[in-house]
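One structure is given below, encoded as structure tokens.
The values are calculated or read from the model by the stated rules, or taken from the named source; none is laboratory data. This structure is a prediction, so every number in the text was calculated from the model and none was measured. Positions of Cβ are backbone-derived with ideal geometry, glycine not excepted, and every protein chain shown enters the neighbour counts.
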Amino acid sequence: MSKLYILGNGGYAQEIFEQIILRNTKTIFGGFIILKDDKAFVINDEGIEPFTYESTASFILGTGNNKWRSIFLLHFFKYYKADINHFPNVSATNSYISLTAQLGIGNVFNCNSVVTANAKIGNFNCFNLFTSVAHDVVVGDYNNMSPYATLLGHSSLGNYNFLASKVCITPKVSIGSYNTISAGECVFDDMTDREFFQSGIITKKPVK
């Protein structure tokens, strides 16, 4: 069987390891991969050693930081010619993914996350503990949903958004890209791009 590696070694990587890897007895875990001076190293039971790429290996993006997710992907596409087939969708055994949901690649579904009927999920999204994606929701790429975040029916989420804990996107609301929504907010109106939602007020983010 091929080995499965986690890209990253921070807190979210450890959560993925405990919630998904350890619960799947069929998985051969290769270790955590870190980058230093544009070289990859693997951390496992043997310690730290240079990473040796195998074409049959699979990888999980184990960081919620979009900057680091991009760095990892660029490195692996450039140096190892890894393609999208090396990044499977992974889910905890007690998550629920509807059979009618459409999934891209590289998504992570942590414990008790739910995706229901006819939802469409893009690529490389993080669905943390108890996140909920309701029927007919559309989610783009590289979104980070914190614990208990909820997308209700027919809502949509663009790309590179961060939803803090207990955010609720109400039905048919459209969220653009590169937005941040603070903890506990309930969003009733559409958001465009590069906006910040806090205390019921939407402000524009500065363009970096």
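What about residue 191, is it closer than 19 Å to residue 97 by Cβ and of a type in the set (A, V, I, L, M, F, W, C)? No; evaluated as a whole, the condition is false for this residue.
Does residue 61 fit the bill of being among the aliphatic types (A, V, I, L, M), under 19 Å from residue 141 (Cα atoms) and in contact with a Cys (Cβ under 9 Å, 6 or more places away or on another chain)? Outline the logic, then answer.
Details: among the aliphatic types (A, V, I, L, M): yes; under 19 Å from residue 141 (Cα atoms): yes; in contact with a Cys (Cβ under 9 Å, 6 or more places away or on another chain): yes.
Yes; evaluated as a whole, the condition is true for this residue.
Which of the residues that make up region 175-204 are among the β-branched types (Val, Ile, Thr) and more than 19 Å from the chain's Cα centre (by Cα)? 187, 192, 201, 202, 203 - these are the residues of region 175-204 that are among the β-branched types (Val, Ile, Thr) and more than 19 Å from the chain's Cα centre (by Cα). When residue 32 is tested against (1) assigned to a strand (DSSP E or B); (2) modelled with pLDDT under 95; (3) within 21 Å of residue 109 (Cα to Cα), just one condition goes unmet, and that condition is (2).
Contact map, region 24-39: residues that are hydroxyl-bearing (Ser, Thr, Tyr) paired with residues that are outside any strand (DSSP E or B), Cβ distance under 7 Å, separation 6+ or inter-chain. Pairs shown: 27/21.
Taking the criterion of being closer than 16 Å to residue 150 by Cβ, surrounded by fewer than 17 Cβ atoms within 10 Å (Cβ to Cβ) and of a type in the set (A, V, I, L, M), the only residue of region 87-119 that qualifies is 117.
Would you please name the residue that is surrounded by the most Cβ atoms within 10 Å (Cβ to Cβ), looking only at residues in region 49-69 that are part of a helix (DSSP H, G or I) and touching a residue at least 40 places away in the same chain (Cβ under 8 Å)? Step by step, filter region 49-69, then rank; the result is 69.
So, in region 148-161, exactly how many residues are under 16 Å from residue 108 (Cα atoms), within 14 Å of the chain's Cα centre (by Cα) and free of Cβ contacts under 8 Å to residues at least 24 places away in the same chain? Number satisfying all stated conditions: 2.
Looking only at residues of region 141-185 that are crowded, with 21+ Cβ neighbours inside 10 Å and in contact with a Leu (Cβ under 6 Å, 6 or more places away or on another chain), we find that the one that is nearest to residue 72 (Cα to Cα) is 143.
Based on this model, can you work out whether residue 5 counts as of a type in the set (Phe, Trp, Tyr) and in contact (Cβ under 8 Å) with a residue 60 or more places away in the chain? Steps first, please.
Details: of a type in the set (Phe, Trp, Tyr): yes; in contact (Cβ under 8 Å) with a residue 60 or more places away in the chain: no.
Judged against the criteria, residue 5 is not a match.
Let me spell it out: the conditions are (1) within 17 Å of the chain's Cα centre (by Cα); (2) under 28 Å from residue 165 (Cβ atoms), and residue 74 meets all of them except one. Which number is the exception? Failing condition for residue 74: (2).
The residue list 169, 97 contains one member that is farther than 25 Å from residue 84 by Cβ and at pLDDT 95 or above, which is 169. Test residue 38 against the criterion of being in contact with a His (Cβ under 9 Å, 6 or more places away or on another chain), at pLDDT below 90 and more than 14 Å from residue 4 (Cα to Cα), and give yes or no. Yes; evaluated as a whole, the condition is true for this residue.
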